[in-house]
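J.: Attaching a single structure in structure tokens format; questions to follow.
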Amino acid sequence: MLLWTGFNMFLLIATISAEFYTSLTLLKTIIGAERNIPVMINDYVEKELKRLDYLKKFVQKLQNHNDKTIKDGGKATRYPINAFLLKKGIITNWNKAVKIMRSNSADDVLRNVTRQ
């Protein structure tokens with residue numbers, strides 16, 4: 001009986017030691033991941049600023065095109081081919097603007113943070 005109790009105490013101490021080591025290892029991993037979070041956030045902010053700058057340039061280009069179309073008056077819509085090309089350009093530009101606005105990289109950043 002005394003031998004059995006001693007054996008159980010040994011197993012208990014070994015288990016506690018293993019759990020303590022595992023918790024320390026996980027804590028070190030968390031601290032390492034926390035160190036990377038500001039870097040990831042800065043990278044995300046840089047990507048978003050570049051995306052917004054690109055969107056601003058795209059809007060400026062559209063504004064210039066729209067101003068030119070308005071100055072031309074009815075010339076753009078007088079002929080069917082020109083009207084078709086104008087409509088096609090508007091649809092293409094709208095789809096491009098939607099794609100730019102939806103290309104948010106926040107999901108990738110969140111996946112990377114939660115993966116670590």
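J.: Out of ILE37, ILE41, ILE70, report the one residue that is without any contact (Cβ under 8 Å) to a residue 40 or more places away in the chain, assigned to a helix (DSSP H, G or I) and over 19 Å from ILE100 (Cα atoms).
T.: Step by step, each of ILE37, ILE41, ILE70 is checked, and only ILE70 is without any contact (Cβ under 8 Å) to a residue 40 or more places away in the chain, assigned to a helix (DSSP H, G or I) and over 19 Å from ILE100 (Cα atoms).
J.: Can you run down the residue pairs with Cβ atoms below 8 Å, 6 or more apart or on separate chains, where the first is in the stretch 86-101 and closer than 19 Å to LYS75 by Cα and the partner is part of a helix (DSSP H, G or I)?
T.: LEU86/THR69; LEU86/ALA76; LEU86/THR77; GLY89/HIS65
J.: Tell me yes or no: at least one residue of the stretch 62-76 is under 16 Å from ASP108 (Cα atoms), modelled with pLDDT under 90 and of a type in the set (Asp, Glu).
T.: No - not one qualifying residue is present in the stretch 62-76.
J.: Restrict the check to the stretch 62-74 and report whether at least one residue is of a type outside the set (S, T, N, Q) and under 19 Å from the mean Cα position of the chain (by Cα).
T.: No, the stretch 62-74 has no match at all.
The values are calculated or read from the model by the stated rules, or taken from the named source; none is laboratory data. In this text, all values refer to a predicted model and were calculated from it rather than measured experimentally. Positions of Cβ are backbone-derived with ideal geometry, glycine not excepted, and every protein chain shown enters the neighbour counts.
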